[in-house]
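The values are calculated or read from the model by the stated rules, or taken from the named source; none is laboratory data. What you see is a predicted model, and the numbers here were worked out from it, not measured in a lab. Using ideal geometry, Cβ is built from the backbone for each residue, glycine included, and neighbour counts are taken over all protein chains shown.
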Amino acid sequence: MSDAIKHECGIALLRLKKPLEFYEDKYGSAFYGIQKMYLLMEKQHNRGQDGAGFASIKFDVNAGERYISRVRSNQSQPIQDIFAQINERINEELALHPEYADNITLQKAKIPYIGELFLGHVRYGTFGKNSIESVHPFLRQNNWMHRNLIVAGNFNMTNVTELFNSLVELGQHPKELADTVTVMEKIGHFLDDEVTDLYQECKNNGLSKREASPVIAEKLNVSKILKRASRGWDGGYAMAGLLGHGDAFVFRDPAGIRPAYFYEDDEIVVVASERPVIQTVFNVKFEKVQELQPGNALIIKKNGTVTEENIIDPVIKKACSFERIYFSRGSDAEIYQERKELGKLILPAVLQAIENDTDNTVFSYIPNTAETSFYGMVEAANDFLNQRKNQFILTNRKTLTKEKLEEILSVKIRTEKIAIKDAKLRTFITDDANRDDLVAHVYDVTYGVIKPTDNLVIIDDSIVRGTTLKKSILKMMDRLNPKRIVVVSSAPQIRYPDCYGIDMAKLEGLIAFQAAIELLKQHNKENIIEEVYTKCKSQESFKDTDVTNHVTAIYEPFTYQQISDKIAEMLHSDDIRAEVKIIFQSVENLHVACPKNLGDWYFTGDYPTPGGNRVVNKSFINFYEGKNDRAY
């Protein structure tokens, strides 16, 4: 999307089910797991480039041997940085100890990161500073192997303060007010409880502490721990965890907001945030990769058994539709078709904007992530043109000459690569006027393909803040001297903040909200703003389950088209000569195109969890009171 917004993160979990010697014999290296983890994380770098982390666990090591390794980075290329560190450490050990080279037993015992269980994470820093302490995986250490907990996830909780307070009530002293810390400590608390109960059972049966250890590992009930820990969680999450002795889990929220996919065969179990990542890295077919169902956890025991168990009863599935529109890689077979369908479904509105004049219209896209929806729009435009040709031929078949037929058939839909992003250009100047001038040159344009009589249709994934459109894209397109510029959003109007992992937390930053506020003022309906604020304030002390989203009233006086037209007016600066129109996808068409991902709260205000209503109201209160704060 032309407006840069960030997605929370991506996860990768890999469990090797065979001894390391198997991978040495079959694939030529005991480092097979590390190599695959690099690919799993690199293929998800689109999900996070602010930080990356990697953790590994070795099975069945001797006392005194290190069995957990972790490395994290917040450098400019964090994935490459952490694997460079891993490779450097491995090469150092091999150089110092040549005897390790052909001895897998020594490699596993003496070289870090070589093991059977791995967890990787990539993140965007949407909340707080991008310090190394914020980079996953998080580690909760203990001298008891079973009590060691490693957690990484793609999640945001809306009720962090409530979760923090519940830990305090349990007698803990959490080190910070952050959802990752509170979630890990909540799981860790009930992990400790479970280990303690099992140890007491072993003790009652006459087992020594040393004899109890393998029994605890076998009997530890991960499902029970997650059920107890997740009571009261409100948010979207796909969360992965490793226990020191070798159990692992991936747990998905009951509305299926955040994605998780897995694949299992007799050699591996793998989980990732995106299906095509698993397909590519392990060369498996689409139908072999399964989606982890909402409210369920994939539990991988140290003994190799794999089960999908229900932890929280699922609710109506509201999987994030932005995953389909923009965030997930378009190489997924379903997502590719869905994005094309988004482009096809919006063509009727485009034809209306250009008065059906496809002969004098050039179709293009910006940025590159909109390319697939562009293909769908152009396919639909070609269908429209062919119908027009067929109708003309049928109507004039008795008088049609060869020359006229050739003229008709030669008419094509015109498509061009209009804009190319200059990836090297950085808007580093802090002075506002000079920065805006730099922003206007982030894209290069293709000259000589637009005529003064042309409409220029540009499709984008979505329009969030409109900043890049106003300061860069529209000005750039206007330099080509078209008659009309039609900016097409394959997503609907973004009207409400997100609180489940997308960097859209503040209402006042959304161009649709700004347009609605301007319309209220223009139509002397400013009293609605006051009324919404009063209603939001009146519910601040309510339980989340009793809170109503009152911000919907801001949009109710106006039609979808009125808000679109107002957005076009707001983005049309005085120095733009062309007529500007803005077209948004309808919510109804979004659901037609993406029937499996019905999460649309940023478009409709229909939040999938009670905490969402509290967040949107708080966001409005912050706007009204002039506070530049997040609402959660």
Query raised in the report: Among (1) among the β-branched types (Val, Ile, Thr); (2) closer than 17 Å to Val362 by Cβ; (3) modelled with pLDDT of 90 or more; (4) not in a loop (DSSP other than H, G, I, E, B), where does Ile408 come up short?
Result: (2)
Query raised in the report: Any idea which of (1) surrounded by fewer than 24 Cβ atoms within 10 Å (Cβ to Cβ); (2) closer than 25 Å to Ser489 by Cα is the one Arg630 doesn't satisfy?
Result: (2)
Requested in this report: Scan segment 466-485 residue by residue and report those that are over 15 Å from Val445 (Cβ atoms) and crowded, with 22+ Cβ neighbours inside 10 Å.
Outcome: Gly466
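Going through segment 204-219 one residue at a time, which ones are assigned to a helix (DSSP H, G or I) and either more than 45 Å from the chain's Cα centre (by Cα) or not assigned by TED's automatic domain parsing to the domain that holds Arg147 (or both)? If you could, list the steps in order and put the result at the bottom.
So in segment 204-219, the residues assigned to a helix (DSSP H, G or I) come out as 204, 209-219.
Across segment 204-219, the qualifying residue is only Asn204.
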Query - Index of the failed condition, Glu531 passing every other in (1) crowded, with 18+ Cβ neighbours inside 10 Å; (2) in contact with a His (Cβ under 9 Å, 6 or more places away or on another chain) - result: (1)
Report task. Would you check which residues across segment 259-275 are crowded, with 24+ Cβ neighbours inside 10 Å and either at pLDDT below 95 or acidic (Asp, Glu) (or both) and list them? Result -> Glu274
**Report entry** Exclusive hit being under 19 Å from Tyr602 (Cβ atoms), modelled with pLDDT under 95, of a type in the set (A, V, I, L, M) and touching a Phe, Trp or Tyr at 6+ places or on another chain (Cβ under 8 Å), set Met476, Met504
**Finding:** Met504
Report summary line: Taking segment 329-388 and keeping only residues that are in a strand (DSSP E or B) and not aliphatic (A, V, I, L, M), one is left with Thr361, Phe363, Ser364, Tyr365
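Answer yes or no: is there a residue in segment 254-263 that is β-branched (Val, Ile, Thr) and in contact with a Cys (Cβ under 8 Å, 6 or more places away or on another chain).
Step one: filter segment 254-263 for residues β-branched (Val, Ile, Thr), giving 257.
Now restrict to residues that are in contact with a Cys (Cβ under 8 Å, 6 or more places away or on another chain): 257.
Yes, the conditions are met somewhere in segment 254-263.
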Query raised in the report: When you go through (1) exposed (fewer than 15 other Cβ atoms within 10 Å of the Cβ); (2) in contact with a helix residue (DSSP H, G or I) (Cβ under 9 Å, 6 or more places away or on another chain); (3) not hydroxyl-bearing (Ser, Thr, Tyr) one by one for Ile354, which number turns out not to apply?
Result: (1)
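Which residue, of Ser69, Ser73, is closer than 25 Å to Gly10 by Cα, crowded, with 20+ Cβ neighbours inside 10 Å and polar (S, T, N, Q)? Steps first, answer last, please.
Details: Ser69 fails: crowded, with 20+ Cβ neighbours inside 10 Å.
That would be Ser73, the only listed residue that is closer than 25 Å to Gly10 by Cα, crowded, with 20+ Cβ neighbours inside 10 Å and polar (S, T, N, Q).
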Query - Within segment 389-405, considering residues that are in a helix (DSSP H, G or I) and of a type in the set (A, V, I, L, M, F, W, C), the one farthest from Glu341 (Cα to Cα) - result: Leu405
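Considering only segment 445-465, state which residues are part of a loop (DSSP other than H, G, I, E, B) and either aliphatic (A, V, I, L, M) or crowded, with 18+ Cβ neighbours inside 10 Å (or both). I'd like the intermediate steps shown before the answer.
Going residue by residue through segment 445-465, those that are part of a loop (DSSP other than H, G, I, E, B) are 446-454, 461-465.
Across segment 445-465, the qualifying residues are Val449, Ile450, Asp454, Asp461, Ser462, Ile463, Val464, Arg465.
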Query raised in the report: In the set Gln49, Gln44, which member is surrounded by fewer than 21 Cβ atoms within 10 Å (Cβ to Cβ), on the phi < 0 side of the Ramachandran plot, within 19 Å of the chain's Cα centre (by Cα) and in the same structural domain as Gly115 (by TED's automatic domain parsing)?
Result: Gln49
Requested in this report: Return yes or no: is Asn589 surrounded by fewer than 22 Cβ atoms within 10 Å (Cβ to Cβ), modelled with pLDDT of 95 or more and closer than 21 Å to Ala370 by Cβ?
Outcome: yes
Query - When residues of segment 170-205 are limited to those that are at pLDDT 85 or above and basic (Lys, Arg), the one farthest from Lys219 (Cα to Cα) - result: Lys186
Query raised in the report: How many residues does segment 220-232 hold that are touching a helix residue (DSSP H, G or I) at 6+ places or on another chain (Cβ under 9 Å), of a type outside the set (A, V, I, L, M) and part of a helix (DSSP H, G or I)?
Result: 3
**Report entry** In segment 287-302, the residues that are within 23 Å of Ala333 (Cβ to Cβ) and either touching a Ser or Thr at 6+ places or on another chain (Cβ under 8 Å) or modelled with pLDDT under 95 (or both)
**Finding:** Leu298
